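Data first, discussion second: the structure below is written as structure tokens.
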Amino acid sequence: QTIAREIIGDRDLVLLPHQSAADVPGWDSLNHTLISVEIEARAEAAVDAEMLAEQPDFGALVEFVRGKQ
């Protein structure tokens, strides 16, 4: 959530586990790539932007990243 807030520029953004990127204003393909790169850097794990895009919602995305750490 912190990363998405920083990249998208909305400090009040709230990401819920059942939401997907399509539910978030400002989450476009460029921001998706930037968010993916930042997740990879902060998680210190190899996380492919395409693999992140395959996650059905933010809850699955968090679990996916945790599994890569």
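The values are calculated or read from the model by the stated rules, or taken from the named source; none is laboratory data. Everything numeric in this text was worked out from a predicted model, so none of it was measured. We work out accessible area using only protein heavy atoms, side chains counted, and drop any ligands, DNA or RNA first. Shrake-Rupley method; radii C 1.70, N 1.55, O 1.52, S 1.80 Å.
Can you name the residue in the range 25-69 that is of a type in the set (Lys, Arg) and under 16 Å from Gln1 (Cα atoms) and is also least open to solvent (accessible area, probe 1.4 Å) among such residues?
By that ranking, first place goes to Arg42.
For the range 4-40, how many residues are of a type in the set (Gly, Ala, Ser) and either in a loop (DSSP other than H, G, I, E, B) or farther than 15 Å from Val62 by Cα (or both)? Steps first, answer last, please.
From the range 4-40, those of a type in the set (Gly, Ala, Ser) are 4, 9, 20-22, 26, 29, 36; that's our starting set.
Filter once more, keeping what is either in a loop (DSSP other than H, G, I, E, B) or farther than 15 Å from Val62 by Cα (or both): 9, 20, 22, 26, 29.
Here the count works out to 5.
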